[in-house]
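See below for the structure under consideration.
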Amino acid sequence: QVQLVESGGGLVQAGGSLRLSCAASGRTFSSYAMGWFRQAPGKEREVVAVINRSGTSVADSVKGRFTISRDNAKNTVSLQMNSLKPEDTAVYYCAASTQSFAWKLYEYNYWGQGTQVTVSS
């Protein structure tokens with residue numbers, strides 16, 4: 001079992017930055033693919049960025065603005081969000097997959113409770 005706890009959400013003005021963090025339990029953290037997802041009101045949950053042993057991938061909508069990273073020694077994964085836009089407003093979720101690489105929601109086995117990010121115009 002893996003437990004995930006997100007932190008770092010909040011209210012920020014457009015153009016600002018936030019850094020989300022996710023703390024994971026479990027001794028095999030380094031073997032999991034990790035991802036950040038988001039869900040805006042009335043919309044489906046979507047992938048934002050993923051990271052695994054071979055590298056990272058980010059959604060086109062956040063490319064050049066968001067960066068995902070992980071610290072396997074601390075069992076954490078982070079999402080640095082710069083140049084935030086009102087359309088980035090959503091609940092952001094951290095997730096873990098037992099697969100070596102995972103992009104789609106159904107490939108993720110464990111989910112955090114989410115953290116709200118609100119970007120004002």
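The values are calculated or read from the model by the stated rules, or taken from the named source; none is laboratory data. Keep in mind the model is a prediction, meaning the values are calculated, not measured. Counting neighbours? That spans all protein chains shown, and the Cβs are built from the backbone with ideal geometry, glycine included. Ligands, DNA and RNA are excluded from the accessible area calculation, which covers all protein heavy atoms including side chains. Shrake-Rupley method; radii C 1.70, N 1.55, O 1.52, S 1.80 Å.
For R38, indicate whether it is open to solvent by 50 Å² or more (accessible area, probe 1.4 Å) and of a type outside the set (F, W, Y). No; evaluated as a whole, the condition is false for this residue. Within the stretch 47-67, residues that are under 14 Å from S97 (Cα atoms) reach partners that are assigned to a loop (DSSP other than H, G, I, E, B) and modelled with pLDDT under 95 with beta carbons closer than 7 Å, at six or more positions or on different chains, in the pairs V47/W103; V50/A102; V50/W103; N52/S100; N52/F101; R53/S100. Is it the case that some residue within the stretch 101-120 is part of a strand (DSSP E or B), small (G, A, S) and buried (at least 16 other Cβ atoms within 10 Å of the Cβ)? No - not one qualifying residue is present in the stretch 101-120. Residues that are crowded, with 18+ Cβ neighbours inside 10 Å, over 13 Å from N52 (Cα atoms) and not aromatic (F, W, Y) within the stretch 86-100 comprise D88, T89, A90, V91, C94, listed in sequence order.
Considering only residues that are surrounded by fewer than 15 Cβ atoms within 10 Å (Cβ to Cβ) and either of a type in the set (G, A, S) or under 14 Å from the mean Cα position of the chain (by Cα) (or both), which ones fall in the stretch 41-55? Residues satisfying the conditions are G42, E46, S54, G55.
For first residues located in the stretch 34-46 and farther than 11 Å from C94 by Cβ, partners that are assigned to a loop (DSSP other than H, G, I, E, B) and open to solvent by 20 Å² or more (accessible area, probe 1.4 Å) and lie 6+ apart or on another chain with Cβ distances below 6 Å form the pairs Q39/R45. Residues that are surrounded by 14 or more Cβ atoms within 10 Å (Cβ to Cβ) and β-branched (V, I, T) within the stretch 6-35 comprise just one, V12.
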